[in-house]
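Rule-based calculations on the coordinates, nothing more; no lab input. Not measured: the values here are computed from a predicted model. In this analysis, Cβ positions are derived from the backbone assuming ideal geometry, glycine residues included, and neighbour counts consider all displayed protein chains.
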Amino acid sequence: MSVVDRPITAPVHSEVDSYPEHHFLNHSKGFLSWALTLDHKRIGLMYLVGVMSSFALGGAFALMIRIHLWNFKDGWLSNQTYNQVFTLHGAIMVFLFIIPSVPAALGNFLLPVMLGTKDVAFPRLNLSSFYLWVTGLILFLTALSVTGLDTGWTFYTPYSIETQQGGAVLAATFGVFVLGFSSIFTGLNFIVTINTMRPPGMTWFRMPLFLWAIYATSIIQVLATPVLGITVLLLSAERLLGIGIFDPKLNGDPVTFQHFFWFYSHPAVYIMILPAMGIISELMSVHCHKGIFGYRMIAYSSIAIALFGFLVWGHHMFTSGMADVTTIVFSALTFTVSIPSAIKVFNWLGTMYQGTVSLNTPMLYALAFIFLFTIGGLTGLPLGALSTDMHFHDTYFVVAHFHYVMMGGTLVAFLGGVFHWWPKMTGRMFNDKLGIVSAIIVFVGFNLTFLPQFVLGSRGMPRRYATYLPEFQPLHQLSTIGSITLGSGLLLALIVLLMSLVNGKKAPRNPWGGATLEWMCSSPPPHDNFSSAPTVGDPYDFSNIEYDGRVGGYVKRT
Amino acid sequence: MTAIQENLAHVVDDHADHHHEHPSWLAHHFDDAEQQYDSGKLGMWLFLVTEVLFFSGMFCAYALYRNRNPEVFEFCSSFLNEKLGAINTGVLLFSSLTMAWAVRAAQLRQHQLLVGMLGATLGCAAIFLGVKAVEYSHKMEIGLLPGKLYVAQLDGAHGPHKGYLEFICTVPAIVTALCAFYAIYAFATKSLFHQRVAGPMLVAGLCFFGGVGLGQYLEAQEEASKGHGGHAAGHEHHAMVDGHVDHGSHEHAAAPESVHAAETKTAAEIAASAATAMGGTPNVYVSPTELKTPNADVNQRSMAGLFFSIYYCMTGVHAIHIIGGMIVITWLIVKAAREEFHEQYFGPVDNVGLYWHLVDFIWIYLFPLLYLIT
Ligand code: HEM
Ligand SMILES: [Cu+2]
């Protein structure tokens, strides 16, 4: 007896238009009903608020950096403060924002709904992941307020052993340890949910590509993060007891620290980008109203990226002292890992081809993603090539590269995803016109900020410096202007979202015309996700989904 | 209720339909016992994967530094007491047996046996920790500490007794005392549940001190068997017999810059000179070229310290895992005392069992790597 044999048509069709009276947001009330909730949707929303606040904090630090760099010397921060500011900017953005952003916030909300289950496999573990994240946040804030961390987000030894900011290093490394376990538990939960809780009819190849991406991400989270855990644990022991494993003074080897660190942190960049790619796959097909091009290629390339990603960490250490052969091997492997990324880009373009593109806010963010991620990915190649990396390493070229992939890629996709699923999560429509304006400002501001940094880097401007040669000043000023533009675009996006809560129209079940399961349940979804069992079909079959003016959204033709 | 809904009842989530009732042990979001069991099992295996990777960092560090300074590792590992290590290996292996037996008992609803087996596992874990406490404190007493704290006094003239063992034992002593009070309460109230919980806990507490006693006895025997005077001599004997540290037996001649490693020196002399050297300049820096020389002074304070760093990190993290295991086993004992487990619901016992076998398994690697390989 399976659902596939006896498809029920458009579940509870009569309810399609009505705004649900009972949903997960008003299922229960009071602070504790949120703080102790086991509902993945509420946990997802709490994460969403958390990661966005962290992003605002990290963003404030970023603007401080950019304003400081307006003049080539005598900026408004002391050198010591400058070090602390860029360190906290990087550490907050990486560990508190970007890694949990898509999987823990959007993934938590969407995974069970898209899959057609009531919850993730381990709801309690899910809640404890969230509280581990909060603990990590508190530890980071301690590091920030007690003394201020100045090691760079990479915690390289021996500096991290010797710096005067010992308390901050301890707080931050312990924070990273705790956040690591938060991330591991999320990944573990998702893998188990997808493996064991798929309802009948939901075969692997009927899963939305977002779930494939989350699955691949979870594999990395589970396999890479423990190594970071032990690394920062040893680093804490180094600071507390002087165990010497990473300390050259005690015959330890600082390059070992770098190997350990990048063994996690390279795969971690795929923790950041893979879920973003998953979002783009959804956005592309839904807003082009056309089946995704090359479903299997996209699904497999996610897994390929996850696995290849483990083999290239050495490209961060070409100048740190490695055997020549090793550097050549790492360089060659780095090139292979860009292939699956390129496959995805081609597939998205193929999806758009001959599609009916709706140029709304989520789609504009998705288009921005494709453009920016492509630049980011392509500039990774000169960094992966040995001869050019010798010049580019530790310059603004690297800074621009990773901002194009992390901010232009992950953050922009995250925003696209937030706009895309906002009606589902909150039950409110946002002002699409203003949303489009925000997307355009973000796109322009972003390029204005980071394109000049490629030029700066290729001319030799080193990263992490509080002062620079006067000849770099014009480009730096351009970048600073861009960052302020970018900041205002992001602020506008936030305002658009918040305004929708105040005066947004009530959202229909399926505002964009998606075919995945989350659009079958009400907006916002009921406490148990589906009031009756959803029909699992092809997630990218748009043939019988049409616009219905009466409900202001799409309905499935019966 | 329509026929279709009937059909779908078990499928996704028709929550309102109480077709098949949800027993209390089945979480509401699972369809059936099998799904719940499979999820728990897969979750535990994934967790074990993360554990292996967590330890792998330290195994890499071990391999790396051993590869660079094999003589340091040989020399230092001769200070570890293989007898105690072997006993602990046996204890852990036995505890894996009792744990596996506990799973069986849970499936067969043999509640009393289940409590007994879990209690036995808990007891073995406590013995392990007791022995470990002796090993740690013994090493700390003679200054075999990690990294920059390493201040070995191998000539036997180590200063006053520093009381590390007493210090380590305070927490277990408090816990055992509490368990004893709890046991008295349980037997006074004649509550079967409390007796079933308190009994194993008290036994485990006592086992810890049994382990300490055993460890001290064997440690003393080891010293006595090595005859006259102090640790250094003891280890000299030890080293000579196994040909460990005898620098004369190295293939390469002593490098000229390594002051202490004259070919004619015996291990005892090396150890003694080491002790002097260690009293002197702290944090001696050894240049990379020196590091590559096989005969670079193995007693360099910091190089030996590195071995002990790795030793304490690996066994310490392992011991933390043992303690974590003891906590969850205690939780299982509580559940078992309430007779919660049966053939449909024994996932927790099974999964904790898996975890316990992994902790055991890691020790099976640690023991030869740290104690045995020469
Ligand atoms: C498309 C393929 C990619 C290639 C070939 C590539 C290559 C590289 C290389 C070789 C470096 C080291 C440069 C240096 O330090 O000298 C680097 C740095 C970096 N990449 Fe990528 N990358 C790629 C994609 C990504 C993605 C998707 C992300 C994140 C979402 C990312 C984030 C970073 C970060 C954060 C750094 C700098 C880390 C630091 O030193 O602080 N990269 N990349
Ligand atoms: Cu990388």
> Over the range A:42-556, what relative contact order in percent results from Cα pairs under 8 Å that are six or more residues apart?
Replying inline: 16 percent
> What angle do you read, to the nearest 10 degrees and between 0 and 90, between the alpha-carbon axis of helix A:473-503 and the longest principal axis of chain A?
Replying inline: 30 degrees
>> Taking the Cα centroid of the range A:31-82 and of the range B:297-374, what is the distance between the two, rounded to the nearest whole Å?
In response: 38 Å
>> Could you compute how fast the range A:42-556 diffuses translationally, taking Rh as the Kirkwood radius over C-alpha pairs and applying Stokes-Einstein at 25 °C with viscosity 0.890 mPa s? Give it in µm² per second.
In response: 105 µm²/s
> Convex hull over the alpha-carbon atoms of the range A:401-502: what's its volume per residue in Å³?
Replying inline: 93 Å³
> Under a 5 Å amide H to amide H cut-off, with H placed in plane at 1.01 Å, what residues pair with residue A:553 once short-range neighbours are removed?
Replying inline: A:548
> What pairs from A:344/B:41; B:139/B:162; A:29/A:424; B:83/B:148; B:190/B:335 go past 23 Å between their alpha carbons?
Replying inline: A:344/B:41; B:83/B:148
> What residues qualify as long-range amide H neighbours of residue A:428, i.e. H under 5 Å apart, gap of 5 or more or another chain, H built at 1.01 Å from N?
Replying inline: A:507
>> Taking only Cα atoms of the protein assembly as shown, what ratio of Rg to Rh do you get with Rh as the Kirkwood inverse-distance radius?
In response: 1.01
> So what's the angle, to the nearest 10 degrees on a 0 to 90 scale, between helix A:209-241 and the longest Cα principal axis of chain A?
Replying inline: 30 degrees
>> With +1 assigned to the C-beta of every Lys and Arg and -1 to the C-beta of every Asp and Glu, and no other charges, what is the dipole magnitude of the range A:42-556 about the Cα centre in debye, to the nearest 20?
In response: 1080 debye
> Tally Lys and Arg at +1 and Asp and Glu at -1 over the other residues with C-beta under 15 Å from the C-beta of residue A:317: what net charge comes out?
Replying inline: -4
> Roughly what angle does helix A:79-91 make with the longest principal axis of chain A, taking Cα atoms, 0 to 90 degrees, to the nearest 10?
Replying inline: 30 degrees
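Give the average, rounded to an integer, of partner chain Cβ atoms located within 10 angstrom of each Cβ in B:55-67.
4
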>> Considering only C-alpha atoms, what is the centroid distance from the range B:124-145 to the range A:484-558, in Å?
In response: 61 Å
>> With a cut-off of 8 Å between alpha carbons and a minimum separation of six or more residues, what is the relative contact order of the range B:89-215 in percent?
In response: 34 percent
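If you count, for every residue in B:25-35, the Cβ atoms of partner chains within 10 Å of its Cβ, what is the mean?
Values: counts 0, 0, 7, 5, 14, 6, 5, 0, 0, 1, 3.
Per-residue shielding by partner chains comes out at 4.
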> Taking the C-alpha atoms of the range B:60-210, how large are the radius of gyration and the largest Cα-Cα span, Dmax, in Å?
Replying inline: 20.0, 62
>> Less than 11 Å Cβ to Cβ from residue A:210, Lys/Arg counted +1 and Asp/Glu -1: what total charge do the surrounding residues give?
In response: -2
> Are there chymotrypsin sites (Phe, Trp or Tyr not before Pro) in the range A:293-323 that DSSP puts in a loop and that have at most 14 other Cβ atoms within 10 Å, and which ones?
Replying inline: none
>> Just to check I understand the Karplus step: with θ = phi - 60° and J = 6.51 cos²θ - 1.76 cosθ + 1.60, what whole-Hz values come out for the range A:107-115, glycine and proline as x?
In response: x, 4, 5, 8, 3, x, 5, 5, 7
>> Averaged over its residues, how many other protein chain Cβ atoms are within 10 Å of peptide A:222-233's Cβ atoms?
In response: 5
> ³J(HN,Hα) across the range A:93-106 via Karplus (A = 6.51, B = -1.76, C = 1.60, θ = phi - 60°), whole Hz, x for Gly/Pro?
Replying inline: 4, 6, 7, 9, 9, 6, 5, x, 3, 6, x, 6, 8, 5
> Hey, what do the phi angles of the range B:71-83 turn into as Karplus ³J(HN,Hα) couplings, whole Hz, using 6.51/-1.76/1.60 and θ = phi - 60°, x for Gly and Pro?
Replying inline: 5, 5, 5, 5, 4, 6, 5, 5, 8, 8, 8, 4, 4
> How big is the range B:116-204 on each of its three principal axes, counting only the C-alpha atoms and giving the largest first in Å?
Replying inline: 56, 24, 20
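Net charge near residue B:315: determine it from the other residues with C-beta under 12 Å of the C-beta of residue B:315, scoring Lys and Arg +1 and Asp and Glu -1.
Summing Lys and Arg as +1 and Asp and Glu as -1 gives +1.
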> For the protein assembly as shown, what is the mean residue ellipticity at 222 nm derived from helices alone (per DSSP H run of n ≥ 4: -39500 (n - 2.57); sum divided by total residues; nearest 500 deg cm²/dmol)?
Replying inline: -22000 deg cm²/dmol
>> Give me, ordered by chain and number, the residues 5 or more places off residue A:38 or on other chains with an amide H under 5 Å from its own placed amide H.
In response: none
